[in-house]
Each structure stands twice: as structure tokens, then as C-alpha cells.
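Encoded as C-alpha cells, the structure appears first; notes follow it.
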Amino acid sequence: MAVPTPKVEIGFDLTDTGRGPFLKLDDPVSGKLDDPNWVLGGTLFYDVTSKVKSIAISRGKNRELDTFETGLANVVFNNQDRTFDPEYTLSPYYGQIIPRRSIRISSGGEYIFWGVVDDWNLDYDPNNDNTASAACSDAFSFFTTQTLTGGTATPQTSGQRINAILSSADVDWPLSDRSVETGIQNLGADVIADATNALDYLRIVAASEPGSFFVGRNGDVVFRDRRTAPTSGGVTLADDGTGIPYYGMKVVYGNELLYNQVEIGSVAAGTAIVTDTDSAGEFGLRNLTQTGLLMSDIQAVEDLATYYAQKYSSPEYRFEEVSVDVDQLSPANQASVLALEIGDVVQIKFTPGNVPPAITKYAEIIRIDSGIDPISHTITFGFSTLDFALLVLDDSVFGKMDNGNALAF
């Protein structure tokens, strides 16, 4: 099999240089006003893939109760001819090798990262094996530098609050670059302190749902509420020939997500503490505390505390991560793997030591790391195992009450 075709594009504004598909008055080819191939100027994406030596991308989080981190990418370029040297005036991109240039990375026609270049790191080798590395981050790096103007929030749902913050003058994130669900949880009229960090507050809103808040592989800001249904019947990763092959299975079975006394606090509604006495008696008290949330009524606070006390009352046998050699897959399976996104659900079949029977579990993707070079493309998926999920009507797996699925709250 072949490595899926990677593509790296950087947004440069080469208007002043004339190097680009820019309109030229009186030119018989590029001077036609009604030809969309010729533009007046501005930032355009330029394909720099021919200079790429390697790509590394990391997006997501490590554990279910963590917050999603800023997505990062590092692209290493061959810089023997000084194309990416900001001091080299003969570079075709001279004046544009600067921070905050937009960058988008795709593989096999699917975007796998979209963000900005934070730093250009230049390394010079005595044998002229010189490289330039673009250290990149996604939209979360922008939100973490923005602060909110103080005031009292309007009572609204979690998704409405996220949209309100994104649309505020303090953040001003484009509507076209977000995918935000309405949300189930009603939030109160909390007081936002002046100079509150925008990303910190958005994460509190997501935790109050609780939902998923992250930046998608296409650069969109994504919020999924707690009733976004997991569905079975999609991609299967298997080590027994019945699905897409993987390697490097890591399993965790322990108390890292074992909690039987849960304290949930809302600034608007108060605090609730729920204890699973059976679990506490068997494993000892294990505390989970989340305060400073924004729910509007105490019943919602109690419901979330009860849900967490049930969900995390037993040690978890978790498929933590697996890796896939994308370049070793068929074109169809390459397309399936490259299309996977954070929040998608996959079925995993694992046969320890190749001794049947296989252990089969459904898991939600919470982390996607990619490594690409000229001869290989590897993706490592991190998971949250769905042994306990909200009930999904009519689903063959998540629609069964006796599978540990819980009624929605």
C-alpha cells in the first residue's frame, strides 16, 4: 500500500510581490475581471508540500474527565535553499515567514489539522541538511490570549452561552468556523469577572453541560452536548482480521477514574454531594469535586452528581490507545481511518496474546495523534471506553438498558 497523499498549505500574503494568481490590468490572461482564477490580492494558501520532511500532530485529551487541550502540529521543512529563512530576500515567501500565518494539513483529501504557525525554528547543519520547523497550534491558542469584559450573563443553554462568548466583541470568532449544538443544560445569570480568560470560561460552560468542547480537524470550534448520541455499527478496529488492523494496544485497569463521592457545585444554584455507599465500602472513599459550574437549578446539580457517582463507581477496564499504520491499509480503509474525528465511536476487538476469545468494547475517540514522513503515516487513537453511556433509543448496543446504559438527565 502507499502513504496517503499529504498536503501542507500555508497562508501567505504575496500581494506586494506580484508572485501569485493576482489580477494584472491589461494582461490578456490575468487581466480578466470575471475570471475567478485571478484575484486582486490578499492572503492565499500556497502548497508547500514539496519541501516537507515530516509532520507531527497531537489533538485531544488523555482521560475522559480532562479538558481538551490546544491542538498542536510541527511541520519540518527542507530548508537547504533558504526558502523558509525570514532573512533571505530571494525566498518566494520573503516577508511572510512570520508567526500567525494560517496553516492547513490534509492527508488523502481529509483535513487533519488547521491552525496557525506560532514559531519558525531554523536549524543549520554543517553538511547543509538545514531545516525549518513550523510549530503550530489550533484556535484554542487564540482563545487563551483573549479576556472577557466583566458583566452578568444572560440565562441560556450551554450551547447558546458558548455562541454568545464566541460572538462577543472580546472574541469575535466567525460563525462559519464553528459547529455548536444548542445544549441541554440551562445556565444561570452568573457574574463574569472582568478579564476572565475566554478559554477557561468556555471550558466551564462545557463542564456544566457536561459536553465536549474542542477544535475540529478542519479548524471549526466544536461543542457537542451530553445527548449527542454514540452510535454503533461504524468503524471496527480489530486484531483478528474482522476489522481495520492496529498495533500497540495499551490497556488500563485501575482506579484513575474511580470516584464514589461526588461534589458538584454551581455558582448559581448551590452544591450537591452524592455517595455510592456500595463502592465506598468496597474501595474506600474516592472523591471527585467540580465546583464553579454554572447550572441554574439545584436539581441539575444533583443529577450530575448522581450520574458521575454511578458512572465512576467501579474500576475501569479501558482500551487506552491503539496505533494504525495508515500506509498499510487498503484505500477504502485509509479513507475510513482518516475521516475519524474526536467524539466518534469505534468498536475495538482485542485478543490478548492471540488467545481467543476476543474482548470487544465500544469506545469514544478522545485523542488523535498523527506522524507522517515520506514512507509512513501512523495515527494513534486515544479512547474513553463506553461501558456506561446515556441510552440511545433504537441503537443495537446503546439502546439496551441491561448493557449499563443510563437514561438521559
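Each value in this text was obtained by applying a stated rule to the coordinates, not by laboratory testing. Predicted, not measured: the structure shown is a model, and the values here were computed from it. Here the Cβ positions follow ideal geometry from the backbone for every residue, glycine too, while neighbour counts run over all protein chains shown.
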Study note, to complete from the structure: Against the 2.2 N^0.38 Å rule of thumb, the C-alpha Rg of region 175-240 sits at a ratio of 1.44
Exercise for review: Note the listed values (i) 155; (ii) 168; (iii) 195, then indicate which one is volume of the Cα convex hull per residue in Å³ calculated from this particular structure.
Suggested key: (iii)
Check your understanding: Contour minus end-to-end for R63 and V191, with contour as 0.36 nm per residue of separation and end-to-end as the Cα-Cα distance?
Key -> 43.1 nm
Review point. Counting each DSSP H run of 4 or more residues in the chain as -39500 (n - 2.57), what helix-only mean residue ellipticity at 222 nm follows after dividing by all residues, to the nearest 500 deg cm²/dmol?
Key: -3500 deg cm²/dmol
**Study point:** Taking F223, F350, F45 and counting other C-beta atoms within 10 Å, the order from fewest to most
**Key:** F45, F350, F223
Review point. Residue by residue through region 304-314, which ³J(HN,Hα) values in whole Hz follow from phi under the Karplus form 6.51 cos²θ - 1.76 cosθ + 1.60 (θ = phi - 60°), with glycine and proline marked x?
Key: 5, 4, 5, 4, 5, 5, 6, 5, 10, 7, 10
Check your understanding: For S384, S296, what ranking results if the residue with the fewest other Cβ atoms within 10 Å of its Cβ goes first?
Key -> S296, S384
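Can you sort E209, E302 from fewest to most other Cβ atoms within 10 Å of each residue's own Cβ? Let's see the in-between values first.
Working: E209 27, E302 19.
Ascending Cβ contact count within 10 Å gives the list E302, E209.
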Point to revise | Computed lengthening from T89 to D327, 0.36 nm per intervening residue step minus Cα-Cα distance | key: 81.8 nm
Point to revise | Using a Förster distance of 45 Å, the FRET efficiency for V267-D129 (Cβ separation, nearest 0.05) | key: 0.20
